[in-house]
Amino acid sequence: MATQALALTREEELHWLALRMTPGLGTRWMARLIGHFRSPQAIFRASRSELEALGLSGSAAQSIASGCAFDDAVLQQEKLRGCGATLITLADQRYPARLREIFDPPVVLFARGRLELLDSIMLAVVGTRRATAYGLAVTERLATDLARAGLIIVSGMARGIDTAAHKAALEAGAPTVAVLGCGVDIVYPAENRRLAAEIAERGLLLSEFPMGTPAYPQNFPIRNRIISGLSAGVLVVEGAQYSGSSITAKLALEQGREVFAVPGNITSRMSWGPNLLIKQGAKLVQDFNDVIVELPVEDRRRLALASEGRLFAAAPQESRTAEDASAMPAGLSPAAARLLARLRVDEPTHIDALLEALDDLSSSEIIAALFELEMSGLARQLPGKNFVKVWGGTPSGV
């Protein structure tokens with residue numbers, strides 16, 4: 001399909017939107033019609049008999065011939081303008097090259113944010129909404145390192161692993177791409193409103209669903225093919241055996257993408273998905289280099305040029321683990337240093353356990369020390385007055 005100039009005229013945009021809003025017309029039929037008629041304008045000029053001759057159902061052909069979707073298309077245009085979104089069509093030069101290659105690429109994408117990111121090398125980081133402390137710590141560390149390496153982290157902005165991946169990329173000073181199961185003017189889940197605003201400003205919100213579309217459950221498996229389709233590979237951190245992240249990994253394999261998985265505790269249900277993927281041939285990931293070395297040569301070359309070759313030095317970088325520091329951070333109070341030694345990355349510790357273990361300290365001293373660790377970025381409080389060490393903290397034994 002020939003690509004077009006970057007900017008659509010208002011009339012061209014209206015016809016693309018009308019095609020998307022036509023009842024009974026699925027993604028594959030839209031692409032087939034575009035392939036045959038070359039433009040939405042030509043499709044809407046076709047007669048019902050011409051459309052039915054291609055095999056289109058009578059009801060869908062009638063919907064196109066009647067132009068019944070143009071009222072909805074006008075409303076979509078207004079909503080696009082209202083939230084500063086852009087329509088990216090399959091004929092657009094900016095349409096992501098990798099996504100164009102999949103079996104059923106979306107004919108239109110609704111985008112809010114930095115459109116130049118569509119030409120980036122992306123890596124999907126996905127996992128369960130019910131992440132463990134270990135899963136969140138792993139996600140934060142890997143997403144941070146991968147973002148700093150030059151990859152654009154893409155995920156679905158769901159609770160748990162998705163949210164952790166987006167936040168880690170942003171905190172590393174890098175953009176991130178969120179593919180939504182609703183319109184780009186809708187925030188789901190609602191608690192991610194601030195995150196969505198930050199991604200729209202510094203990264204990119206993307207969806208194939210029209211403006212105003214609610215987050216229906218059936219939308220999420222559909223959008224997963226876009227997450228994997230955009231990406232050079234998919235990294236699964238945690239998830240049950242038949243979770244959404246496992247579906248994304250399956251789609252990635254069908255699309256010819258690399259699949260990576262972080263091993264987890266064999267007694268945790270949230271590790272069944274990635275552990276099974278590893279058994280089936282997914283690449284086991286311990287640090288970000290395990291991902292980088294498996295990327296296509298051209299992607300590695302682009303990353304190397306962008307980072308002045310730092311990633312591909314002859315000596316491999318040592319994996320960073322929770323035990324990679326040899327001394328306590330300077331400036332910590334004695335109480336904070338002792339507390340940090342008690343905390344773990346992969347397992348939350350309740351405040352009662354800390355009070356019992358450090359019984360020579362008063363409760364007010366421990367609370368003050370925990371606050372000091374949180375303010376220093378060395379520990380994090382989880383729900384229920386549980387605390388974990390942030391990955392990259394210091395070793396126990398003090």
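The values are calculated or read from the model by the stated rules, or taken from the named source; none is laboratory data. Since we're looking at a predicted model, the values are computed, not measured. Please note: Cβ atoms are built from the backbone with ideal geometry, for glycine as well, and neighbour counts cover all protein chains shown.
Within segment 108-132, residues that are under 30 Å from residue 270 (Cβ atoms) reach partners that are aliphatic (A, V, I, L, M) and in a loop (DSSP other than H, G, I, E, B) with beta carbons closer than 6 Å, at six or more positions or on different chains, in the pairs 121/151; 123/151; 127/237; 129/158.
Take the conditions (1) touching a Leu at 6+ places or on another chain (Cβ under 9 Å); (2) closer than 16 Å to residue 228 by Cα; (3) modelled with pLDDT of 95 or more; residue 174 misses just one of them, which is (2).
Taking the listed residues 125, 184, the one that is at pLDDT 95 or above, surrounded by 22 or more Cβ atoms within 10 Å (Cβ to Cβ), within 25 Å of residue 84 (Cα to Cα) and hydrophobic (A, V, I, L, M, F, W, C) is 184, with no other qualifying. Listed conditions (1) modelled with pLDDT of 85 or more; (2) in the same structural domain as residue 164 (by TED's automatic domain parsing); (3) surrounded by fewer than 13 Cβ atoms within 10 Å (Cβ to Cβ) are all met by residue 294, apart from (3).
Residue count for segment 188-207, restricted to those that are more than 28 Å from residue 100 (Cβ to Cβ) and either outside any helix (DSSP H, G or I) or small (Gly, Ala, Ser) (or both): 3.
Summed over segment 208-232, residues that are within 12 Å of the chain's Cα centre (by Cα) and not in a helix (DSSP H, G or I) total 1. Checked against (1) of a type in the set (A, V, I, L, M); (2) more than 23 Å from residue 261 (Cβ to Cβ); (3) not in a loop (DSSP other than H, G, I, E, B), residue 184 passes all but a single condition, namely (3).
Exactly one residue among 33, 87, 56 is in contact (Cβ under 8 Å) with a residue 12 or more places away in the chain and either among the acidic types (Asp, Glu) or assigned to a helix (DSSP H, G or I) (or both), and that residue is 33.
The set of residues from segment 255-306 being over 22 Å from the mean Cα position of the chain (by Cα), in a loop (DSSP other than H, G, I, E, B) and not β-branched (Val, Ile, Thr) comprises 265, 268, 280, 281.
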